[in-house]
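See structure below.
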């Protein structure tokens, strides 16, 4: 006789709010698109018309930063229920650390990009509208922040991959309902 020590799906009935779920998936899609756009624009950096891609990247980065601020505010007012103690402690700690680092990077990545762009001659346009130009153009300083931005993007990509692998483990292996906490409810 073997004992199944895995929690059943019914163990977890708590779900994130619709707002939290929409922010989670919206920001996830935006991160993927902005990262892909960033890598693409760097491959055509010196080609005519590439400025449009750079401006779109900056504009969407500002949108992402605003959505992340809303998400942090929402989460501070709507604390999620902790993971069940049926989940091993090391997994709960890894989940908490990964989520904390994801939030930190979702703030730092657009911030570093914005600061770098602020040191360029073109500055930052938000969908064609000029943002305050507070920095004197400085190519070397801009490049320093763009280097930081680039490294942070790669760290963010690795953490997102770890987050996705953890989510898939809960969905496909553990069957413990953790993944379903971040899905919209099906209409019946």
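None of the figures in this text is laboratory data; all of them are computed from the coordinates on show. Predicted, not measured: the structure shown is a model, and the values here were computed from it. For neighbour counting, all protein chains shown are included, and Cβ atoms are generated from backbone atoms with ideal geometry for every residue, glycine included.
Per-residue Cβ neighbour counts within 10 Å put 184, 146 in the sequence 184, 146, beginning with the fewest. Summary value for the chain: 32 percent relative contact order, contacts being C-alpha pairs under 8 angstrom separated by 6+ residues. The distance between label points at residue 184 and residue 28 comes to 1.3 nm (points 7 Å beyond Cα on the Cα→Cβ vector). The angle between the Cα long axis of helix 18-43 and the longest principal axis of the Cα atoms of the chain comes to about 40 degrees, rounded to the nearest 10. The calculated P(r) of region 74-167, using every Cα pair and 5 Å bins from 0, goes 3, 12, 16, 16, 14, 12, 10, 8, 5, 3, 1, 0 in percent.
Between 0 and 90 degrees, rounded to the nearest ten: what's the tilt of helix 50-77 against the longest Cα principal axis of the chain? Helix 50-77 and the main axis of the chain meet at about 40 degrees.
Given that compact globular proteins tend to follow 2.2 N^0.38 Å, what is the ratio of the alpha-carbon Rg of region 122-188 to that value?
This ratio for region 122-188 stands at 1.88.
Pairing the Cα long axis of helix 139-168 with the longest principal axis of the chain, what angle in degrees results, from 0 to 90 and rounded to the nearest 10? Its long axis makes an angle of about 20 degrees.
What is the distance in Å between the Cα centres of region 118-188 and region 45-85? Cα centres, region 118-188 to region 45-85: 6 Å.
Would you mind estimating how fast the chain diffuses translationally, via Stokes-Einstein at 4 °C and 1.567 mPa s with the Kirkwood radius over Cα pairs, in µm²/s? Show your work: numbers first, answer last.
Numbers: Rh = 18.6 Å.
Reported coefficient: 70 µm²/s.
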